[in-house]
1. Using a simple charge model, +1 on the beta-carbon of Lys and Arg, -1 on the beta-carbon of Asp and Glu, nothing else, what dipole does the chain show about its Cα centre, in debye to the nearest 20?
2. Please state the relative contact order of segment 73-229 as a whole percent: Cα pairs under 8 Å, 6+ residues apart?
3. What is the set of long-range amide H partners of His141 at a cut-off below 5 Å, with H atoms built 1.01 Å from backbone N?
4. So how far apart, in nm, are the two label points at Arg185 and Asn215 if each is 7 Å from Cα heading toward Cβ?
5. Helix 8-18 versus the longest principal axis of the chain: what is the Cα-based angle in degrees, 0 to 90, to the nearest 10?
6. Please list the non-local residues whose amide H lies under 5 Å from the amide H of Glu411, H modeled 1.01 Å from N, same-chain partners needing a gap of 5 or more.
7. Can you give me the long-range amide H partners of Ala428? Hydrogens built in the peptide plane at 1.01 Å from N, cutoff under 5 Å, separation of 5 or more residues or another chain.
8. Which whole-Hz ³J(HN,Hα) couplings does segment 358-367 yield from phi under the Karplus relation 6.51 cos²θ - 1.76 cosθ + 1.60, θ = phi - 60°, glycine and proline marked x?
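What follows draws every value from the coordinates through simple rules; no lab data is involved. As the structure is a prediction and not an experimental result, all values here were calculated from the model. Here Cβ is always computed from backbone atoms with ideal geometry, including for glycine, and neighbour counts include all displayed protein chains.
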Amino acid sequence: MRYHIISIAALLLSTMALQAQTLDIEHLAGGNTIVRVSEPQNTRYLLLPIEEKAPEAPVKIICGNDLSRTISVRLALDKVDYMVPLDLSEWAGEDIKFLIHLPVDRATGRDAQNEICWSKMKLSDVIDTENREIFRPAYHHTPEYGWMNDPNGMFYKDGEWHLYYQWGPHGSMWNNLTWGHSVSRDLIHWEYRPEAIKPDALGYIFSGSCVVDHNNTAGFGKDAVIALYTSAAEVQSQSLAYSLDGGDTFIKYPGNPILTADIADFRDPNMFWNEEIGKWNLILACGQEMRIYTSDNLIDWKEESRFGQSYGSHDGVWECPDLFKLSVEGTSEEKWVLFCNINPGGPSGGSATQYFIGDFDGSKFTLDNPEMYLDGKALWQDYGKDHYAAVSFSNAPDGRHTMIAWMSNWEYANNVPTMQFRSANTIAREPFLYNVDGKVYLGSRPSPEYAGTGLDKTVKVKGSCTVTLSNENGEEFVITYDQKAMTLSCDRSRSGMVDFSQHFNTVATAPVCRRITSFRIFVDNCSVEVFANDGEVCMTSLVFPSQPLNTVTVNKIK
């Protein structure tokens, strides 16, 4: 992961620049304050002091006399947990001011103009992103700073993997969602790119997908990158943007939104070119079902069918769909897999990724073995507590379907013990299908880029056993395989910090279809990812140990 370190020269230059730039802070009635930036063309960032237990304060960004954007910020009242940058370059050369309402209760004797945030707010030409978090992963993707949840719009082009993600740049708790952007050539080392798609009058930028339009079907140019995403405000609708520079910057389609509906939960468009019908397909999460559409041009969409009634888990809202075809290993058979992320309703509580296997004719998805999904039964891509919003990269090389998920859970994602950033992604995985007693199941292997890197541990086992990951402080993460009961469980109750949420101190358990003979385990500074039998069963867990879990012990169970 790349971090920027402030040099002494940069600090000196920043100090000289600040001598010519000031913040004019004027307190008004009712907890309102106007902050003016003098000579904004000469400074890059307004640094905002954040206190996470403070209430959210609405900040109106006013350019000239027009409202440019409104963000919500937990401005510090009693202490500063950390600083976040507000990039001013968008308004360079403009008259810019901020109208801030600090929601403090005057009945308690507090006066908004006396809060600590005003003395700590400052201008700077640089931001300090040197890592201060002991739990920041060494080889998993994280945001440079701020909040992150679902991976979005992922695609591969010209040797680069593009990962967009739900990003909250103005604090490390969910809000102000936009698309962050990172790029990698090996799925391990990531380079941060500027914010890709920013909120607008239609709302926050929620999840979506990107494709490379090789044949210029949308009319924006051959090989243009097309993004569909959910615009989320009072209602949720689908919008389009396109990129002519390989995904670094996007131009929003003037006819947005391009797809609307009369339901509240209408989001997360996932599109792909279907060679079998010569059209684009689109899968949309709509309440507790998926809607399937077709299009010739990525702009005009026709609803073809709906899927989901009576099948799988319906204990939460359906989100973040994906749909693609895979071969069944060891056979000449191919099957379509429909992924449906759900929150809550996961097998260990909270959010998780369920899947459905069947056939797809370009307009309708038909289940195989529907009895496997009736009466609330579900199949899960990962039975751990911290695997959600799994989606694949489009245009991946060599026909691959490479997936990445958000490595957290909505039950406690806002409260995990980091502040400079929150949330990481799983390692990239390659899904596959395998047959057991005439029924087909989904597995996921670590992507081949991780082979030989020394990041993982491989353990051979025979029969019931425990595999314990531990450190010198006695903290441990225990994997238990019960061959008789045909279950696999992960216990993190003694793995380090667990008391920040009542939902975290849990044991996750997965059913096993056939005997386990090996584990491949990826351990990082805040996570353990377990792949049994080369990925036939997967379990992903966050951990927060005081020292790395660097010792592996295997014990047989009689």
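1. In total the dipole reaches around 1160 debye.
2. Computed value for segment 73-229: 16 percent relative contact order.
3. Placed amide hydrogens put Asn425 under 5 Å from His141.
4. Once both label points are built, they end up 3.2 nm from each other.
5. Here the helix axis deviates by roughly 50 degrees.
6. The answer is Ser351.
7. Ser447
8. Ordered by residue, 3J(HN,Hα) equals x, 10, 9, 9, x, 10, 9, 9, 10, 6 Hz.
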